[in-house]
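Taking it in order: structure first as structure tokens, then the write-up.
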Amino acid sequence: MVAWVAERAKQSGAKQVVVATDDIRIVEALKQYEHQTIMTRDDHASGTDRIAEVALKQGWPDDAIVVNIQGDEPLIETSLILEVAATLNNSKDAVMATACHAIRIKAELQNPNIVKVVLDAQSNALYFSRAPIPYPRESFADTELSANMPAYRHVGIYAYRTKFLKEYASIQPCAIEQVECLEQLRVLYQGYKIAVAITRNAPATGVDTREDLDYVRSVMC
């Protein structure tokens, strides 16, 4: 699965693709593929902390845009990778960028494995949560979501500039990050902006459950 993700990243035209891991089993599994791997420390609080270590080791320039694609997103589209990078490149205020797409199925809004995001008027993130946000107080008993419900599913992809990655690594995890298990909340907690692309290029599914894995195998194998 990680090899599939790395191949998608290469297809985006990225100047360099690195698989960052603290697990030697992943390094061994990728030896049969032409993917660069880097072993990192095993005490990182999040994937972004791990990427920050790689950025320092590689000596990437401060203005380089680094895209972090999580290893459980094998169906991610190369167009989405480019879209998130462009969103950060075009933002004057944000230190990070990510993506989301509209939720139209009530079960997705209620599913804690699906992370939701609420946006401001400039499509910057206000908050991310595993809970159903925004909460449709007047219509939650309905079987379907209203067509104008501003509910968005977060897609697990991030873009940063190397300079901010260095800053992120020095910031201690906060309580809301640890409670929700969402590393991007550390950024919002400190008052930084995260630009969010509302995309149509959403991957079919990430792999959070056994059922997700079975579905991805049916598509890829």
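The values are calculated or read from the model by the stated rules, or taken from the named source; none is laboratory data. Remember, predicted model here, so these are calculated numbers, not experimental data. Positions of Cβ are backbone-derived with ideal geometry, glycine not excepted, and every protein chain shown enters the neighbour counts.
Determine which single condition Gly47 fails, assuming it passes every other condition in (1) under 17 Å from the mean Cα position of the chain (by Cα); (2) crowded, with 18+ Cβ neighbours inside 10 Å.
(2)
Is there any pair with a first residue in region 52-71 that is free of Cβ contacts under 8 Å to residues at least 60 places away in the same chain and a second that is surrounded by 14 or more Cβ atoms within 10 Å (Cβ to Cβ) and of a type outside the set (Val, Ile, Thr) whose Cβ atoms are under 9 Å apart and which are 6 or more apart or on different chains, and what are they?
Final answer for the pair search is Val54/Ala20; Val54/Trp60; Val54/Leu165.
Sort through Leu182, Leu145, Leu109, Leu119 and tell me the only one that's of a type in the set (A, V, I, L, M) and under 21 Å from Gly47 (Cβ atoms).
Residue meeting the stated conditions: Leu182.
Select from region 165-191 the residues that are hydroxyl-bearing (Ser, Thr, Tyr) and in contact with a helix residue (DSSP H, G or I) (Cβ under 8 Å, 6 or more places away or on another chain) and list them in ascending order.
Residues satisfying the conditions are Tyr168, Tyr189.
What pairs come out if I take residues in region 29-46 that are within 18 Å of Ala169 (Cα to Cα) and free of Cβ contacts under 8 Å to residues at least 40 places away in the same chain and pair them with residues that are of a type in the set (Asp, Glu) and not in a strand (DSSP E or B) whose C-beta lies under 6 Å away, six or more apart or interchain?
If the second residue must be of a type in the set (Asp, Glu) and not in a strand (DSSP E or B), the pairs left are Thr40/Asp22; Thr40/Glu53; Asp42/Asp22.
Test Thr205 against the criterion of being buried (at least 17 other Cβ atoms within 10 Å of the Cβ) and among the polar types (S, T, N, Q), and give yes or no.
When the stated conditions are applied, Thr205 passes them.
Report, by residue number, each residue of region 88-101 that is outside any loop (DSSP other than H, G, I, E, B) and buried (at least 23 other Cβ atoms within 10 Å of the Cβ).
Leu88, Met96, Ala97, Thr98, Ala99, Cys100
Tell me the residue from Pro136, Pro132 that is modelled with pLDDT under 90 and either surrounded by 15 or more Cβ atoms within 10 Å (Cβ to Cβ) or touching a Gly at 6+ places or on another chain (Cβ under 6 Å) (or both), please.
On inspection, the qualifying residue turns out to be Pro136.
Can you report the number of residues in region 60-80 which are assigned to a helix (DSSP H, G or I) and surrounded by fewer than 17 Cβ atoms within 10 Å (Cβ to Cβ)?
Selection size over region 60-80: 2.
Filter region 65-75 down to the residues that are over 11 Å from the mean Cα position of the chain (by Cα) and modelled with pLDDT under 95 and list them by number.
Pro74, Leu75, listed by residue number.
Among the numbered criteria (1) more than 17 Å from Gln11 (Cα to Cα); (2) of a type in the set (A, V, I, L, M, F, W, C); (3) under 13 Å from the mean Cα position of the chain (by Cα), which single criterion is violated by Ala52?
Here Ala52 meets the rest and fails (3).
Among (1) more than 17 Å from Ile157 (Cα to Cα); (2) acidic (Asp, Glu); (3) part of a helix (DSSP H, G or I); (4) touching a Ser or Thr at 6+ places or on another chain (Cβ under 8 Å), which single condition is Glu83 missing?
Failed condition: (1).
Going through Leu56, Leu30, Leu109, Leu80 one at a time, which residue ends up being under 23 Å from Arg161 (Cβ atoms) and either at pLDDT 95 or above or touching a strand residue (DSSP E or B) at 6+ places or on another chain (Cβ under 8 Å) (or both)?
None of the other options fit; the residue is Leu80.
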